[in-house]
Amino acid sequence: MRRGLVAVLMCFAASSSHADSAAATITNGFVIEPQTMNRSVDACSDFFEFSNGQWIKDNPIPADRSRYSAYDEVTERNLTALKAIAEEAAKNVANRNPTSSPAEKIVGAYFLSGMDEAGIEAAGIKPLAQGLEQIAAIKQRSDLISVIAQQHKTGAGPLFGFYIDQDAKNTLRYITQLTQGGLGLPDRDYYLKSDAKTREIRAKYVTHLETIFGLLGDAPDVAKHNAATVLKIETRLARASMSKIELRDPQASYHLMDLKGLGKIDPHTDWANYFNQLGLAQPGDINVAQPKFFAEAGRMLSTVSLADWQTYLRWNLAHATARDLSSAFVNANFEFYGRTLQGTKELSPRWKRVLGNIDRSVGDAMGELYVAKFFSPEAKAGVLDMVNNIKVAMHDSILKLDWMSDATKQQAIKKLDAINVKIGYPDHWRDYSSLVIDTTSYANNNMRANEFEFKRMIAKLGKPIDRNEWGMTAPTVNAYYNPTMNEIVFPAGILQPPLYHLKADLAANYGNTGATIGHEMTHAFDDEGRQFDADGNLKSWWTKDDEKNFIKRAAAIEKQFDEFNPIDQLHINGKLTAGENIADLGGMKIALQALRTAVKAQPQPELIDGFTQEQRFFIANAQSFRSLARPEQLRLQLATDPHAPDYARVLAPIANMPEFTAAFSCPASTSPLRPIEKRVLIW
Ligand SMILES: [Zn+2]
């Protein structure tokens, strides 16, 4: 739901964002992992291979993954831990154990319903029956927007996105948000580009649509016709959509208006009826993020035939739940979204998919059980200590900047000081007492969980901002910065070995999790984040000259990444990945500064495994990015992901850091350092 203007800035690639982590065994005095390196390679010439060569050799991508990384290692380990938690809870539910906590009851029952393969197979298409009836009952044009509202309420996403979130220009209130959407392919460009690879994916998408219509009961020629209809509608929506790069400009997606204003953009649609159906008699102020898109959507709603809309809505209904339906739907869904788009060889085992769904649906219940076992108050205190040291380092670094005026520096410090920090898990777990989760039907559990979440979201309107809310669940192996909250958030899931260890060598912790903390903090000052002030409002605090200086420096990092060519003729898109790349570079610089301060108070061994402190910092950082990706996944990432491929996230920052060349005593002939006129220095 958190899309569009105030999308959270996740730290790592989207595909690693779901799930979980656990630290069962911990190596005392954990340091970098010398056994995973390839020390036969020169560190200065190829630092990624030097730091990770052996790991790459030893870790082929598992068949049910499209990529495999340090984050995926933790995710896999944690899935295994969560499975044990869910199975224990399930046993207690089956035995009606009276001592089970509410969270255990929810997780146990949900897991049992999801593992009931026979029941799910027997139900077949039945979970879609009610939605299909609503669509079939569309008789007149005015019914369309009502049915779209019904679908939005139950978790499907036809035509556009709706959610409630902070007003980007007045973050003390929630408002209604409407965003572009309605596409089945990962981005508008998949509909608009005409190169061979894109055409091939589009053809396979049409085949997938045909398969789904076949499963909904259409004869082959009807299914074929319907697939073409969906592609036609979605292509028109794609043409009216903003590109991913245009979406990086938060001002471009801010258009505050009331219902009357929306009526001027789209005079064809009864928007009051839409909001009424959602249970919002008074939608209040609305941010229509992309007015041009809504003008086109309105024209389409008033001109495209009802039969074609019914076809499009049937697809959306099936698409929203395909991965949780019977095996025919699950396999079809995997064939296109797993195999074709990401190159994944095999579907994940059911238990992993069910845990992923529980995490998305009732994540706080599972999170509560998870942190009780796998996250200690000491770990939280240790991370907080690093956060504080890194904040001080960032403070010093801002004051020392030679390209920024004192006036802007003062505002930057004000923003830095105001950053809220969340570590581990929420102060209060979500109250699921009004949600019924039982063992009888997985589909019904999913439906009720969706409705619960929708009601919870709607109820925010008019209420004070919930500062306790988290945008990721506790077991998630990821982190984020949220610009409208001005907060950095680190779930317990990411604070696990080998990414973080309470008792680790400080150099390893600062190079790894320390750089991640610095990365998230820098997001407050990247090309997007810098446009929000200390209170999270989209409001400039920069002098004109300082802004110009920043943009010039950001352009240099865009250029640096444009040079990378990971596969085929495809280059990294410097503009799409600018925010993450700025955060990587800034994060490393300030984490290294913080390490230098931290070791003064807490001296560390100068040499471990033959590496100096600063060498260990850089190696730990490179090891946090060890990963392999399938070619299909890499192409998808280059087209859609604001994160650059991991090897570039290792090689690019060190090419801007004389600190690296000094740490490894690189001679001029092999030094990765860029010449001074090309070197990037922002934060
Ligand atoms: Zn990030």
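How much of the calculated P(r) for the stretch 547-683 lies past 26 Å, in percent of all Cα pairs?
Here the long-distance tail beyond 26 Å is 29 percent of all Cα pairs in the stretch 547-683.
To make sure I understand the rule: partners must be lysines, Cα under 16 Å from the Cα of Lys204, and not fewer than 8 residues away in the same chain. Which ones qualify?
Partners within reach: Lys193, Lys224, Lys232.
Just report the Cα centroid separation between the stretch 166-227 and the stretch 367-387, whole Å.
That distance is 39 Å.
Quick one: of the DSSP bridges fully inside the chain, what percent are antiparallel, nearest 5? Spell out each step's value before the answer.
Values: 21 of 29 bridges.
Just about 70 percent of them are antiparallel.
What FRET efficiency do you get for Ala196 and Lys57 if R0 is 45 Å and r is their Cβ-Cβ distance, rounded to the nearest 0.05? Don't skip to the end; give the middle numbers.
Details: r = 32 Å, r/R0 = 0.72.
Rounded to the nearest 0.05, the efficiency is 0.90.
Can you bin the stretch 534-594 into rounded, prolate or oblate? Criterion: square roots of the alpha carbon gyration tensor eigenvalues sorted a ≥ b ≥ c, rounded for a/c under 1.5, prolate for a/b above b/c, oblate for the rest.
Prolate.
Work out the charge dipole of the stretch 218-368 with +1 on the Cβ of Lys and Arg and -1 on the Cβ of Asp and Glu about the Cα centre, then indicate which of Leu262, Phe294, Phe334 is farthest towards its positive end.
Phe334
Give the separation of the Cα centroids, the stretch 463-504 to the stretch 607-632, in Å.
23
Through the Karplus equation 6.51 cos²θ - 1.76 cosθ + 1.60, θ set to phi - 60°, convert the phi angles of the stretch 218-229 into ³J(HN,Hα) values in whole Hz; use x for Gly and Pro.
Coupling constants for the stretch 218-229: 6, 5, x, 5, 5, 4, 5, 4, 5, 4, 5, 4 Hz.
Can you compute the FRET efficiency between Ser433 and Lys559 using 1/(1 + (r/R0)^6), with r the Cβ-Cβ distance and R0 = 51 Å? Round to the nearest 0.05.
It comes to 0.40.
Dipole magnitude of the chain about its Cα centre, charges +1 at Lys/Arg Cβ and -1 at Asp/Glu Cβ only, in debye to the nearest 20?
Taking the Cα centre of the chain as origin, the dipole is about 940 debye.
222 nm [θ] for the chain, helices only, -39500 (n - 2.57) per DSSP H run of 4+, per residue, to 500?
On the way: 26 runs with 346 residues, N = 683.
After summing the helix terms and dividing by residue count, I get -16000 deg cm²/dmol.
Using each residue's phi in the stretch 537-542, evaluate 6.51 cos²θ - 1.76 cosθ + 1.60 at θ = phi - 60° and report the 3J(HN,Hα) Karplus result to the nearest Hz, with x for Gly and Pro.
Values per residue, Gly and Pro as x: 7, 6, 7, 6, 10, 9 Hz.
Over all distinct Cα pairs, what is the inverse of the mean 1/r for the stretch 586-625, reported as the Kirkwood hydrodynamic radius in Å?
10.7
When each pair of different Cα atoms in the stretch 614-676 is counted once in the 1/r mean, what is the Kirkwood radius in angstroms, to one decimal?
13.1
With +1 assigned to the C-beta of every Lys and Arg and -1 to the C-beta of every Asp and Glu, and no other charges, what is the dipole magnitude of the stretch 38-84 about the Cα centre in debye, to the nearest 20?
Approximately 200 debye in magnitude.
Give the peptides 108-114, 569-575 in descending order of average Cβ contacts within 10 Å, highest first.
The peptides rank, most packed first, as 108-114, 569-575.
For the stretch 62-215, with only Lys/Arg (+1) and Asp/Glu (-1) charged at the beta-carbon, what is the dipole magnitude about the Cα centre, in debye rounded to 20?
So the magnitude is around 440 debye.
Report the Cα centroid-to-centroid distance between the stretch 265-304 and the stretch 67-142 in angstrom, as an integer.
33
Hey, what angle do you get for helix 406-418 against the long axis of the chain, alpha-carbon based, 0 to 90 degrees rounded to 10?
70
Starting from 0.36 nm per residue, how many nanometres of slack lie between Thr207 and Lys264 once their C-alpha separation is accounted for? Working shown, then result.
On the way: separation 57, 0.36 × 57 = 20.52 nm, distance 3.85 nm.
Full extension from Thr207 to Lys264 adds 16.7 nm.
Would you mind checking the pairs Lys83/Lys105; Lys400/Lys539; Lys409/Lys539 and listing those with alpha carbons more than 19 angstrom apart? Please list the in-between numbers first.
Values: Lys83/Lys105 15 Å; Lys400/Lys539 24 Å; Lys409/Lys539 16 Å.
Flagged as over cut-off: Lys400/Lys539.
Could you bin all the Cα-Cα distances of the stretch 110-236 into 5 Å bins starting at 0 and give me the percent of pairs in each, rounded to whole numbers?
Cα pair-distance distribution for the stretch 110-236, in percent: 2, 8, 12, 15, 18, 16, 12, 9, 5, 1, 0.
When N counts the residues of the chain, how does its alpha-carbon radius of gyration compare numerically with 2.2 N^0.38 Å, as a ratio?
Its radius of gyration relative to the 2.2 N^0.38 Å reference: 0.96.
For the stretch 347-492, what is the per residue volume of the convex hull drawn over the alpha-carbon atoms, in cubic angstrom? Please list the in-between numbers first.
Numbers: hull volume 23.2 nm³, N = 146.
Convex hull volume per residue, Cα atoms: 159 Å³.
So what's the angle, to the nearest 10 degrees on a 0 to 90 scale, between helix 102-115 and the longest Cα principal axis of the chain?
Rounded to the nearest ten degrees, it is 70.
Please list 3J(HN,Hα) in residue order for the stretch 627-635, calculated via the Karplus relation 6.51 cos²θ - 1.76 cosθ + 1.60 where θ = phi - 60°; whole Hz, with x for glycine and proline.
Listing the rounded values in order: 5, 10, 9, 6, x, 5, 5, 4, 5 Hz.
Between Lys455 and Ser302, 0.36 nm times their residue separation minus their Cα-Cα distance comes to what?
52.2 nm
On C-alpha positions alone, give me the angle between the axis of helix 377-400 and the longest principal axis of the chain, in degrees, nearest 10.
Helix 377-400 and the main axis of the chain meet at about 70 degrees.
Give the residues of the stretch 537-565 whose amide nitrogen is closer than 13 Å to a point set 7 Å from the Cα of Leu172 in the direction of its Cβ.
So the set is 537.
Multiply the residue gap between Arg350 and Glu469 by 0.36 nm, knock off their C-alpha separation, and tell me the result in nm, one decimal place.
39.9 nm
So what's the stretch 249-340 giving for Rg/Rh, alpha carbon basis, Kirkwood Rh from the mean inverse pair distance?
1.09
Taking every pair of alpha-carbon atoms in the stretch 456-516, what share in percent sits in each 5 Å bin, from 0 to the bin with the longest distance?
So the P(r) values, bin by bin, are 4, 15, 22, 17, 17, 10, 6, 5, 3, 1.
Where a number appears in this text, it was derived from the coordinates with a stated rule and is not lab data. Just so we're clear, the structure is a prediction, and the values are computed from it rather than from any experiment. Heads up, the Cβs are rebuilt from the backbone with ideal geometry, glycines too, and the neighbour counts pull from every protein chain shown.
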